[in-house]
Each structure stands twice: as C-alpha cells, then as structure tokens.
Amino acid sequence: METRAPFVIVGAFVLAAIAAVFGFVYWLHNSTGIGARSTYHLQFDGPVPGLLVGASVLFNGIRVGEVTELRLATDNPRRVNATIAVGADTPVRADTKVGLDFQGLTGVPVVALEGGKEVAASGSVPTLIAEPGAGQSMTQAARDALRRVDTILAENSEPLQGMIANFRTFSDGLARNTGKLDSIVAGLERMTGASTPPPKAVYNLQAATAPADPGKPLKGQLVIPEPSTVVMLDTQRILFSPANDSAEFANAQWADTIPRLLQARLIQSFENYDIAHAPLRSADGVEADHQLLIDIREFQVEAGGQPTAKIAFSARLLNKQGKVAAARVFSASQPIDKLDPPSVVVAFDAAFATVTRDLIAWTVQIL
C-alpha cells in the first residue's frame, strides 16, 4: 500500500493541474480578462435566436465582455431579459444602442453595443432597451421581405395581369403594323433630310484557270491552311499605299477577308490544275503528306505614279514530319488602266493568276 501511495498523489496532482489550466483558459476566454467589470441588464422585445450564455459582447466591434444570464420575462411572453458583464472602462451610456450581430459563416450571434452620448442611467444595475427587431437574423429578414413582396403581388394580381395583357396587345399591334411603321420611319427620314448610305459593292477574286497542256500531277495529300498575315491585311477593304479615302473605294470591299479569300482561290486554282489530287483546307481527320504554309506580305494598290496591283507572299512546303522541304517568295504586279474598283479588281485577278501559276509549278516540282 505504501508503494502505491506516491503514484496516487502524483496522478491526483496532474489531474488537478490539468483542471486548473482548463478552468483558467475557459475563464480567460469568456471574460474580458483580469480587472473590474460592470453589469448591465438588457431587454429584448422579441426573440434572440441562437444567443447563449457566454456569448461575446461587442462594443463598436471590439469584444468587451460576455453574456452572463438569459431568462424569459414572466410578465411578457415576447420579452427576453439578458445580463451582460463588460469591462468597467467600457463607455456604456443610457442611450447606447443594443442589438444582435451574426458573425462567421455559421452566423454565431453576439450582443452588439454601439455609441451613446448621455450619462449612464442611475441605479445599481442599469437596464438597456434593445432596438425593435434587434434579434432578427438576415435569413428571417429575407423571409419577411419575400412575404411582403408575395402579399403585394397577391393583392395586385388583377392589375398586373391587365398590364401584361395590355403589353401583349401592344406588341401584337406592332407586329401587325410593321410595314406601316417602316413607312413612317422612311417618311421621317425624308422629311428630316436623312439619307441612307449606299450598299457596299462586293468584289471577288478570280482563281487561276487550268493550263492548256496538263502538267505533272500532284503527289500525295497536300493541305493549305489559312494564310498568316499582319492585322492590316486581315480585312475586306481594298487597300492602298498611300491610303485612298475616296467614297468610291470606301463603298467597295472584297467578298471575304484577304487571307480567307486568298486561301479559297489558291485551293480552287490547284483544283483547276489537278482536281484528282486537289489540296484540302485543313488536315483534321486526314493524314497529310505535305502542308503549304502561306504568309501574305503585300496585297494592295501601289498608287504612286502608275497605279499597280501588287501581290506578294512567302511559301513554305512542309513534309509529313513537319520539317521545311522548300521555301520561296512569290510576287506579281499588274498595272491598273483606270483607278476605279472594277479596273482595280481586274488588275488583281491578273496578278493573282501570274503568282498562282508560279506557285503551282514550284509545288509540283518539289513534290
């Protein structure tokens, strides 16, 4: 028995020390610390959902104490009385506002004190009256707001239905009289002198025709992706160098952007040369033997002196492994007889035919 006595004493001491540490931590967490505290009574005229004894008390957002007691008022079933203990230096006044705040993701309720200028009420335990609806949570406030909206909609259902019916009648009338409205708008435009801009004149690029004597056929599957170029050339406008701002060319444009138009007409030119082995636009789903990469350098009208339509691009022929098998720069120029859109397009057709025949001959030779 004597040999076991020290173990019992040591165990009891360890348990007592652990209990003391836990008690101190709990007291320190639920109090304002070591120092004098003041006690106040709070009166809530409504529910206080989730408020517990030990809940924090905040003054202007700073923790100053805790709730020490909660009880129901025996003389009023809607009233809740609470007692709080806060630091003695907390500037609580008779007109201090009292409410509940909900903190964190879980909405833990705390007592919130704010402001006040008057001298504290006399008496050993001052009583502070909470603001109406202080215990109402955001969820309850949303429910109340939706309930009020639903009440308003229910009370005004017939006027709302009439308003919707009137809108439907009005929209049906507009639909039936669309032609008349267009005539009215056109009349207003004529009366005010407004003019409708003329429609754009769209011009196409002609592909190179088939040669008189069939040449060497293409070998393998060739793919021509969309040509690359600078942003200035990625347009449908007929470009000039220097720029031409005349209204005649402002209303003229190509049938597609220059890179897409050039790709389409190159493929069509290869088809005219050898339709059986014509290239494709993309290698998706097809095992390509070669790719013909085009980078557009020039596609504009040189307006200085004798106007000239100029086309220039570089071509790189890639093999199945993606390595460059051959590369070359192609260019062609064609004088323009008259500086108007139809004559400019004719000159571009001639220049494109020249540069495309050179490209086809070079490609066939490499393949």
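The values are calculated or read from the model by the stated rules, or taken from the named source; none is laboratory data. These numbers were taken from a predicted model, which means no experiment stands behind them. Every residue, glycine among them, receives a Cβ derived from its backbone with ideal geometry; neighbour counts consider all protein chains shown.
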Some residue of the range 260-269 being in contact (Cβ under 8 Å) with a residue 60 or more places away in the chain, assigned by TED's automatic domain parsing to the domain that holds Ser228 and part of a loop (DSSP other than H, G, I, E, B):
no
Within the range 240-259, residues being under 17 Å from Ala353 (Cβ atoms) and in a helix (DSSP H, G or I) number 1
Selection over the range 94-121 where residues are at pLDDT 80 or above and of a type in the set (S, T, N, Q) yields a count of 1
inquiry  = Please verify whether Arg316 is surrounded by fewer than 17 Cβ atoms within 10 Å (Cβ to Cβ), on the phi < 0 side of the Ramachandran plot, at pLDDT 90 or above and in contact with a Leu (Cβ under 7 Å, 6 or more places away or on another chain), treating the condition exactly as stated.
reply    = yes
Please tell me if Glu298 is of a type in the set (D, E, K, R) and modelled with pLDDT of 90 or more. yes
The residue that is nearest to Leu261 (Cα to Cα), considering only those in the range 216-248 that are surrounded by 15 or more Cβ atoms within 10 Å (Cβ to Cβ) and of a type in the set (Ser, Thr, Tyr), is Thr235
Residues of the range 67-89 being of a type in the set (Ser, Thr, Tyr) and at pLDDT 85 or above, in sequence order, are Thr68, Thr83
Quick one: is Leu359 closer than 28 Å to Lys200 by Cβ and either part of a strand (DSSP E or B) or assigned by TED's automatic domain parsing to the domain that holds Leu233 (or both)? no
The correct count of residues that are basic (Lys, Arg), within 38 Å of the chain's Cα centre (by Cα) and part of a loop (DSSP other than H, G, I, E, B) in the range 197-239 is 1
Quick count over the range 16-45, residues being modelled with pLDDT under 85 and surrounded by 16 or more Cβ atoms within 10 Å (Cβ to Cβ), is 6
How many residues of the range 315-338 are touching a strand residue (DSSP E or B) at 6+ places or on another chain (Cβ under 9 Å) and over 17 Å from Gln365 (Cβ atoms)? The answer is 8
Checked pairs for the range 350-366, first buried (at least 17 other Cβ atoms within 10 Å of the Cβ), second of a type in the set (Val, Ile, Thr) and modelled with pLDDT of 90 or more, C-beta under 8 Å and 6 or more apart or across chains, list as Ala351/Ile311; Phe352/Ile311; Val355/Ile311
- request: Return yes or no: is Ala288 assigned to a loop (DSSP other than H, G, I, E, B) and either among the hydrophobic types (A, V, I, L, M, F, W, C) or surrounded by 15 or more Cβ atoms within 10 Å (Cβ to Cβ) (or both)?
  value: yes
